[in-house]
Every structure is written in structure tokens, then in C-alpha cells.
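Scroll down for the structure; my scribbles are underneath it.
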Amino acid sequence: MPVTPVPANLNYDMWLGPAPWREHVDLQAESGSVHWNWRWIMDYSGGQLTDWAGHHIDIAHWGMGFEQTGPVAITEAKGEYSKESTYDVPNAYRFKCTYANGAEIVVANQSQLPRGRGVCWYGENGQWVFASRRGYSASSNKILQSVIGPGEKRLYVSNDHKQNFLDCVKNRKETIAPAETAHRSISVGLLGEIAMLTGRDLKWDPVKEVFINDEMANRYLSRPMRAPWHL
């Protein structure tokens, strides 16, 4: 994409922040605007994978009781990357995460998922439950019509995240989506990105949050910051 003048109302240096310096280009040329299409450039984001991981992995972890942990292995990671575009994030992706109890989560782009974008849990005897922003479905009406009993687990109910946060500031309860849960959700997307970039299976310590016996992979956990940004 050709270099273009920085808009008068944009502090481009501040917009880049700690990311590596690059000349300004008009990302709007490929639809959207600079404040949308940044997500397709690896210096700033991880593409559709990290865009949706915070949403769907959050729900998958919630349903499996993994909100305070992460996988112990990331395997079978494959990504497809454009070689002729400014946008260098994976256009398609698929990888498998294995957790300490043996449970597995397969993460993939929409076209590789049997029921499209969303979360599907598989149980015994081929039973399944699917949930997305469009609604939910299951392998049988019996599952959908089941009633939660008095002694069974009931989920935290919140129809407004903003109001839930404000309420919790006052009542000191934990929010429905606490920071640690968000961190564990997006971590899965980032771990998948690293597995695709390294091109190999990885072992992960969800307590120390480092890759096991893989210094190259651990280098992807941070990067140098462009001056004057620092931690």
C-alpha cells in the first residue's frame, strides 16, 4: 500500500504507541478505517483469531470450568498467511488445546467449524450443545428442554456488562467477566498464534505462563518497545 500523509486530526506517533515505526498508509483503501483495519497487521493484533478469541474462548472456558487456567499443550497449529498484502495476520487458522484434565478445545476460523462461528461442547455418546450470538441449539430437544434442578449449578446472570461493573464497584462482588478470566480467554488465541509462527507443537505451563523447554517460543511472549514507551 502506498505511503500517505498523516491526517491532521491523528497523532500518529501516539497511535503507534510501543509498536515498531512504519510509515503511515491509508488502511481505509482496503475498507474500514485506521481504527478498524489495524487488527489485520501483526504489529498491532492477531487478526480474526485474537478478535474473536476473547469472546468465544471466554464462553468455552466458562462452560468447562477453565476460567482461571489455560491449556498445557497447543498442537496441530496451521495458519494461512497472505504474501501480497499489508495485512499479515493468518487468514485461516486451526489448532488444538489440551488441558490438564485431558479435555480438548479445537479453535478454528468459521469455515472450518461444522456449525460456524460459536462454541460447541461435545459430551458422551455424541451429544452436543452449540451457542453463538445468533442463539443456541443441541443434538436433541431433550437437552434444550431440560430444567436446572434445585441443587444444580446456576450461572451468574448479567444482561449488561457496563452496569454489572458499576454495580460491583458499589457492592464489591466479582464481575461476571473479571480481568483474570479475560486474560485466560485471550491467552488461548495468542498461544495459537505463537504455535503457528513457530510451526511446531508447544507445551505450556498455565501457572508460570511460560512455554516448557522452548526458548524460541518464549521470545514471542514479549517484544522490544519503541522508545520512549517502556515497562
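Any read-out appearing in this document is the output of simple, stated calculations on the displayed coordinates, not a laboratory observation. What you are looking at is a predicted structure, and each value in this text was computed from that prediction instead of being measured. A quick note on method: Cβ atoms are made from the backbone with ideal geometry, for glycine too, and the neighbour counts reach across all protein chains shown.
What FRET efficiency do you get for residue 91 and residue 122 if R0 is 35 Å and r is their Cβ-Cβ distance, rounded to the nearest 0.05? Display every interim value, and only then the final one.
Values: r = 27 Å, r/R0 = 0.76.
Step by step, r from the Cβ atoms, then E = 0.85.
If I stretch the segment between residue 67 and residue 205 completely, what's the gain in nm (0.36 nm per residue apart, minus their alpha carbon distance), one decimal?
48.2 nm
Can you work out the FRET efficiency for the pair residue 136 and residue 8, with r the C-beta to C-beta distance and R0 = 41 Å, to the nearest 0.05? Don't skip to the answer; put the middle values down first.
Details: r = 48 Å, r/R0 = 1.16.
Taking R0 as 41 Å, the efficiency between residue 136 and residue 8 is 0.30.
Calculate the FRET efficiency for residue 172 and residue 143 from the Cβ-Cβ distance with a Förster distance of 35 Å, rounded to the nearest 0.05.
Working: r = 36 Å, r/R0 = 1.04.
FRET efficiency, residue 172 to residue 143: 0.45.
For region 215-222, just list the computed ³J(HN,Hα) in residue order, Karplus coefficients 6.51, -1.76 and 1.60, θ = phi - 60°, integers in Hz, with x standing in for Gly and Pro.
Each residue's phi maps through the Karplus curve to give 5, 4, 5, 5, 5, 6, 6, 8 Hz.
Report, ordered by chain and residue number, the lysines lying within cross-link reach of residue 203, taken as a straight Cα distance under 24 Å and ignoring same-chain residues fewer than 8 apart.
Reachable lysines: 78, 96.
From the phi angles alone, apply the Karplus equation (6.51, -1.76, 1.60; θ = phi - 60°) to region 136-150 and give each ³J(HN,Hα) in whole Hz, x where the residue is Gly or Pro.
Karplus-based 3J(HN,Hα) across region 136-150 equals 8, 8, 8, 5, 8, 5, 4, 5, 5, 8, 5, 10, 6, x, x Hz.
Determine the relative contact order of the chain: mean sequence separation of Cα pairs under 8 Å and six or more apart, normalised by residue count, in whole percent.
Values: 297 pairs, mean separation 53.9, N = 231.
Relative contact order comes out at 23 percent.
For a quick check: sort 4, 181 by the number of other beta carbons within 10 angstrom, fewest at the front.
The most exposed by this proxy come first: 4, 181.
Order by neighbour count: 41, 148, 212, 74, fewest other Cβ atoms within 10 Å first, most last.
Arranged by neighbour count, lowest to highest, 41, 148, 212, 74 become 148, 212, 41, 74.
List the GluC sites (Glu not before Pro) in region 10-105 that DSSP assigns to loop (not H, G, I, E or B) and whose Cβ has at most 10 other Cβ atoms within 10 Å. Which are they?
Working: sites: 23, 30, 67, 76, 80, 84, 104; in loops: 23, 67, 84.
Here the sparse-neighbourhood loop sites are 23, 84.
How would you rank 184-195, 114-125, highest first, on the average number of other Cβ atoms within 10 Å across their residues?
Details: 184-195: 22.7, 114-125: 13.2.
Result, highest mean Cβ count within 10 Å first: 184-195, 114-125.
Evaluate 2.2 N^0.38 Å with N set to the residue count of region 149-217, then give the Cα radius of gyration divided by it.
Numbers: Rg = 17.7 Å, N = 69, 2.2 N^0.38 = 11.0 Å.
Taking the Cα Rg and dividing by 2.2 N^0.38 Å, one obtains 1.61.
In what order do 230, 55, 35, 61 fall by count of nearby beta-carbon atoms within 10 Å, going from fewest to most?
Working: 230 8, 55 16, 35 11, 61 22.
Least crowded to most crowded, the residues run 230, 35, 55, 61.
Can you quote the Å³ per residue value for the convex hull of the Cα atoms in the chain, rounded to an integer? List each step's numbers first, then the result.
Details: hull volume 43.5 nm³, N = 231.
Per residue, the Cα convex hull of the chain comes to 188 Å³.
Report, by chain and number, residues whose modeled amide H sits under 5 Å from the one on residue 92, excluding near sequence neighbours (fewer than 5 apart, same chain).
80
Helix-derived [θ] at 222 nm for the chain: sum -39500 (n - 2.57) over DSSP H runs of at least 4, divide by residue count, nearest 500?
Details: 7 runs with 67 residues, N = 231.
Value at 222 nm, helices only, nearest 500: -8500 deg cm²/dmol.
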